[in-house]
Amino acid sequence: MTMTSGPSQKAFQPDAYRMLVIGLIASLLVGLTESFNVQQRARLPSSWTARSSNRAVDAADTTTTHENINGENMPSRRDALFTVLAIATGIPTMAFADDEVTAVAQSLPPVMVVPLGDTKQIFNEGRALEMQGNINAAQRIYSKVTKMAPRFIYGWSNLGNTQVVQGSLAPAEESYTKAIALCNESRMEEEQFGVPRCNDLYVIYLNRGCLRLNNKMPKEALKDLTMADSLRGKPDAVVLQNLARAREVNGQYSSADKDYTLAISMTSNEVSPFWLRSAMPKFQLGDLNGASDLLKRVANRFPDAPEVRAAVSTVMAAKGDLVGAQQKFLQIPDRQRLNYSDNDYLQSTIAWPPAAIDMLKTITKAVGD
């Protein structure tokens, strides 16, 4: 993507570019699971150019959202500001007087939303490399950007994206956290004419939430994805798919079912792998017909996927057709079928709900696995 010269926000177009990230990070969870045996890659949603957030949320709105998520009283605006500064700059969090907080804030350069000068040129190089698929080189560039401009939000968030692709989840968590802190700080500043503010915080929360889901941090992921949904301000299929998954792995099956259903209603023209995920809360809640209807459509699209065959056989057994369930289950190649006798695989890797796991055990015992 070529950008025109000058520091204007319109030229930079951060919102549109970072929609790339949604397909990349979110696909880790709502795309094909391991047992689909398909390599996952970043993809652009068909409407990505229009998917930017114009919703402005001030500090009071953000505080209210955090109270709703955590059920806790949030610190004062002064304390919150200093905590954000501490995260973004590495300063230890401790008690400071008002004048000390003000002095620390004033001593820092402003948060950079739009890159300028050499930072802009080098950042563009990193973006070009990333879009070409040269992730290693892009990561080196973004790392350089964060050293040149440590207060540039999207230097950190894009660095996090490349770290996720390489499987470096802990460093990516740190990068996203710094980007979130800087974005929050930008949003706390008084709005000034001609000075851009961070207006797509939900995307960074979405990315960190997806990362946390893949890094066995389900509770933290749920908080991030609930925040992403709140900040988005309107139904968003990608956010809902991931939020539903987070609710599911946290045992909130009714809420997960509602989010999955809404996400499917927004993408009903194309059967996606996450539809298999959406069948699982229905199974847990006893809606066997609903689960069966979804799985039939998924099986038509992905007939050879092992997890699809396992899920279909599980629903067949639950509806009383144990013989047919065994026949369907035995269509899975022997080596891959053994995964479905492994509790760790069922509970951690594909994270099926308890009712589905129990029914699958009946099938594996019947076929002698």
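Inside the range 180-224, residues that are modelled with pLDDT of 90 or more and of a type in the set (Ser, Thr, Tyr) make up a count of 2. Could you go through the range 351-358 and let me know if any residue there is open to solvent by 60 Å² or more (accessible area, probe 1.4 Å), assigned to a helix (DSSP H, G or I) and either modelled with pLDDT of 95 or more or under 23 Å from LYS282 (Cα atoms) (or both). Yes, the range 351-358 has at least one match. Only one of the listed residues (PRO110, PRO115) is within 16 Å of LEU182 (Cβ to Cβ), at pLDDT below 95 and surrounded by 22 or more Cβ atoms within 10 Å (Cβ to Cβ). That residue is PRO115. Listed by first and then second residue, the pairs with beta-carbon distance under 6 Å, at least 6 apart or on different chains, first residue in the range 169-191 and open to solvent by less than 10 Å² (accessible area, probe 1.4 Å), second charged (D, E, K, R), are TYR176/ARG208; SER186/ARG197. Which one is farthest from LEU346 (Cα to Cα) among residues in the range 295-309 that are open to solvent by less than 20 Å² (accessible area, probe 1.4 Å) and assigned to a helix (DSSP H, G or I)? Checking each candidate, the answer is VAL298. Under the condition of being in a helix (DSSP H, G or I) and either open to solvent by 40 Å² or more (accessible area, probe 1.4 Å) or among the hydroxyl-bearing types (Ser, Thr, Tyr) (or both), the residues counted in the range 226-237 number 3.
Name the residues in the range 238-264 that are of a type outside the set (Gly, Ala, Ser) and not in a helix (DSSP H, G or I), would you? Result: ASN250, GLN252.
Conditions tested, residue by residue: (1) over 19 Å from ALA228 (Cβ atoms); (2) of a type in the set (A, V, I, L, M, F, W, C).
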| position | (1), (2) |
| --- | --- |
| ILE153 | no, yes |
| LEU159 | yes, yes |
| THR162 | yes, no |
| GLN166 | yes, no |
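Per the conditions (1) open to solvent by less than 50 Å² (accessible area, probe 1.4 Å); (2) over 20 Å from ALA356 (Cβ atoms); (3) not basic (Lys, Arg), the sole criterion not satisfied by ASN214 is (1). Being at pLDDT 95 or above and either open to solvent by less than 70 Å² (accessible area, probe 1.4 Å) or small (Gly, Ala, Ser) (or both) holds for only one residue in VAL104, VAL164, and it is VAL164. Flag: LYS223 does not match the condition of being open to solvent by 20 Å² or more (accessible area, probe 1.4 Å) and in a loop (DSSP other than H, G, I, E, B).
Of everything listed in (1) in contact with a Lys or Arg (Cβ under 7 Å, 6 or more places away or on another chain); (2) open to solvent by 40 Å² or more (accessible area, probe 1.4 Å), the single unmet condition for ILE122 is (2).
For the range 265-286, the set of residues classified as surrounded by fewer than 21 Cβ atoms within 10 Å (Cβ to Cβ), part of a helix (DSSP H, G or I) and without any contact (Cβ under 8 Å) to a residue 24 or more places away in the chain consists of SER265 only. Does the range 170-190 include one or more residues that are outside any helix (DSSP H, G or I) and closer than 30 Å to LEU108 by Cα? Among the residues of the range 170-190, at least one is outside any helix (DSSP H, G or I) and closer than 30 Å to LEU108 by Cα, which makes the answer yes.
The values are calculated or read from the model by the stated rules, or taken from the named source; none is laboratory data. In this text, all values refer to a predicted model and were calculated from it rather than measured experimentally. In this analysis, Cβ positions are derived from the backbone assuming ideal geometry, glycine residues included, and neighbour counts consider all displayed protein chains. With ligands, DNA and RNA removed, areas are computed over all heavy atoms of the protein, side chains included. Shrake-Rupley method; radii C 1.70, N 1.55, O 1.52, S 1.80 Å.
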